[in-house]
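The values are calculated or read from the model by the stated rules, or taken from the named source; none is laboratory data. As the structure is a prediction and not an experimental result, all values here were calculated from the model. Virtual Cβ from ideal backbone geometry, glycine too; neighbours counted across all protein chains shown. Ligands, DNA and RNA are stripped out before the accessible areas are found, and what is left, the full protein with its side chains, is counted by its heavy atoms. Shrake-Rupley method; radii C 1.70, N 1.55, O 1.52, S 1.80 Å.
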Amino acid sequence: MTELLLVAGCAGITVFCLWVAVSARKRRPLMLGRAARAVGVAMSLRGGLVGPSNDEFGQIADRIGARLGWSEAQRVRLANTIQVRQIGFAAIPYQHLRQPHLHRVRERAPEIGADLLERLPIWSQFSDELRPTRRSEVGQLIALLEEFFYRMESAPAMDVLRQIQSQTDDRYDLAMREAAVGVLQESYGNRVARPKVALVD
Amino acid sequence: MNSFASRTLGLSALVALSAFVAVVQPQLWPLVVLGIGAEIGALYWSDRRWSISLAPLVVSLGYAHGGVSTALAFEVGLLAWGLAVAGASGMGRVGLPEIARSLLTSAVALAGGWVVVAAVSPTSLSGTAVSWVIGAVAASSALWFWFGARVPGGSWGSLLAAGGLMTIFAFGLGTVAPIWCLALLGPIVAGAWAVREWRRQREEDQAILRGLILLVQQAHPYTGAHLERVAALAESTGRNLGLNAKRAQRLRAAAILHDLGKVAIDEQILEKPSRLTDDEFAEIKRHSELGAKILEKSGLYPEIAPWILAHHERPDGRGYPFGLHGDAIPLESRIIACVDAFDAMVGVSSVGGRRSYREPVDPEGAIQEVLRCAGTQFDTEVVEAFRKAVGQEVMA
Ligand SMILES: [Fe+2]
Ligand SMILES: [Fe+2]
């Protein structure tokens with residue numbers, strides 16, 4: 001009898017502890033995703049006028065990731081990197097971000113952002129994705145989409161896609177370029193030129 | 001001591017212990033397994049504090065089953081294993097303070113447990129107090145968990161409490177065959193894992209807040225420094241108002257993030273040295289809504305978004321964005337408003353981001369100013385708690 005109670009009690013407490021551990025483990029990636037989103041929302045509020053919203057950007061990217069057969073983990077990484085990619089805006093003067101003729105300044109954002117991310121333990125893993133020389137496929141895909149959306153502001157989507165497809169350097173992985181062009185064509189193929197829109201409201 | 005030396009020491013002590021048990025008390029091998037398993041679980045999955053609080057358990061079991069000499073042997077073996085595993089796993093070393101603490105808690109817990117059991121029920125010194133077992137394991141780990149992690153100096157107290165409770169139920173376990181003690185491995189190892197995950201989660205929450213502060217800091221250095229200062233004072237004001245630990249913790253996060261919205265406001269306006277125009281002032285006022293929006297849209301701490309939204313409301317209804325009155329303003333917002341204004345008056349940041357439209361005031365003057373505005377700009381009760389908190393801060 002004593003033995004039975006002992007074992008039952010211990011089993012109960014073990015289950016409780018396992019539950020605590022597992023739910024903490026599940027909560028962590030959730031919180032990280034939300035924190036990345038907070039950066040994304042804050043930076044698009046600060047950055048003002050630009051192409052697609054982070055949500056739209058993320059959805060397109062995820063479809064391309066799916067087409068490439070990326071793992072769940074890689075797609076989560078992609079989503080989080082997209083959210084934090086504009087963190088560099090924090091260190092660029094507000095007025096400079098808001099004036100289209102200062103676009104040069106805006107282009108420095110990834111470099112500044114990579115330096116910032118490096119200082120933060122939770123996000124330092126994304127830092128290299130913002131550096132052209134060190135990024136993985138995730139960073140490459142984001143760069144490709146940035147290029148597409150930026151160019152689409154002043155040219156028809158199909159022209160931009162053709163240009164991207166005919167690039168001869170190895171900026172983007174070949175298979176990725178094919179997949180991206182495919183998905184972008186389906187979604188924006190008939191778009192003439194995308195007007196600049198004020199973001200997030 | 002380097003890892004090789006501690007491993008060697010640990011292993012030789014283990015050999016000595018096993019030999020001792022084999023010769024003197026061969027039937028006690030389950031306790032050896034329990035002690036070793038507990039120690040490995042604690043050191044791999046958790047931390048030294050957890051492993052130290054396990055020592056009294058194994059030692060008391062050794063006492064219950066084999067007397068003083070066995071208890072001592074267990075103590076030595078456990079410490080040696082602590083050294084060995086800590087060295088081998090590179091988790092840091094178990095130094096003299098830990099050893100002293102472990103010995104002391106074991107001794108005190110053993111003595112205390114014996115006295116308690118003898119006083120309460122001398123006949124049950126070897127009785128079947130199994131209901132105590134479950135209660136004691138739960139209570140002692142909970143004590144250690146919450147008390148030790150939160151109250152300054154609480155780790156000592158909770159270690160003793162945990163040790164004492166474990167000793168008491170060890171008398172109950174003394175009546176079952178030693179092999180049944182192996183059942184305790186479950187709660188010990190799972191508990192160590194739970195502690196590790198829980199601590200990681202807390203660390204990550206802190207890291208997220210730090211990341212967001214850095215964001216604000218980059219855009220507007222003054223605000224970044226301001227947020228860090230406000231957090232501690234807001235939390236102690238909240239504690240003085242009787243908020244429980246969990247709510248105070250959330251209040252702290254809200255205080256850290258209260259001006260997050262300023263990241264999306266033109267810093268030239270925030271820092272403008274001359275008088276603000278109406279438009280500029282309206283722009284600055286947007287920061288409370290922007291901050292709340294960032295949290296709401298991202299789903300990060302949505303429960304504190306309303307507090308941030310209302311952190312510039314005033315009990316007399318002359319605040320913004322809604323002009324809420326009195327109790328319609330969340331308590332947390334009223335606390336932040338008070339601490340915020342105080343810091344804005346005294347705050348000078350080292351980065352040269354002095355708040356632009358005023359000269360800094362000395363703390364005494366700022367407190368007087370806050371007191372003067374009690375009932376209109378600030379909640380009277382909050383101001384009272386705030387004054388106490390400033391006093392405590394100065395004492396510290
Ligand atoms: Fe504010
Ligand atoms: Fe503030």
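Modelled spin labels at residue B:177 and residue A:119, positioned 7 Å past Cα toward Cβ, are 6.4 nm from each other.
Give the residue from A:125, A:54, A:148 lying farthest towards the positive end of the charge dipole for chain A; charges sit on Cβ (+1 for Lys and Arg, -1 for Asp and Glu) and the dipole is referred to the Cα centre. Toward the positive end, the furthest listed residue is A:54. With each label modelled as a point 7 angstrom along the Cα→C-beta vector, the residue A:26-residue A:187 pair spans 3.0 nm. Can you pull out the trypsin sites (Lys or Arg not before Pro) in the range A:102-181 whose DSSP state is coil and whose Cβ has at most 16 other Cβ atoms within 10 Å? Loop-located and lightly packed - A:108, A:119, A:134, A:171.
At full extension, residue B:115 and residue B:279 could sit 51.6 nm farther apart than now, given 0.36 nm per residue minus the alpha carbon distance. Buried accessible surface for the B/A chain pair comes to about 4200 Å², total over both chains, computed with a 1.4 Å probe. Cross-link partners of residue B:272 among aspartates and glutamates, defined as those whose alpha carbon lies under 20 angstrom from its own and excluding same-chain residues fewer than eight positions apart: B:259, B:280, B:283, B:340, B:343, B:359.
The shape of the range B:210-395 can be summarised by an equivalent ellipsoid whose semi-axes, obtained from the alpha carbon gyration tensor, come to 22, 19, 17 Å from longest to shortest.
The residues of chain A expose on average 47 square angstrom of accessible surface per residue, using a 1.4 Å probe on protein heavy atoms.
If R0 is 45 Å, the Cβ-Cβ spacing of residue A:4 and residue B:316 corresponds to a FRET efficiency of close to 0.10.
Using every pair of distinct Cα positions in chain A, the Kirkwood expression returns a hydrodynamic radius of 18.8 angstrom. The label point for residue B:22 and the one for residue A:154, both projected 7 Å from the Cα toward the Cβ, are 8.3 nm apart.
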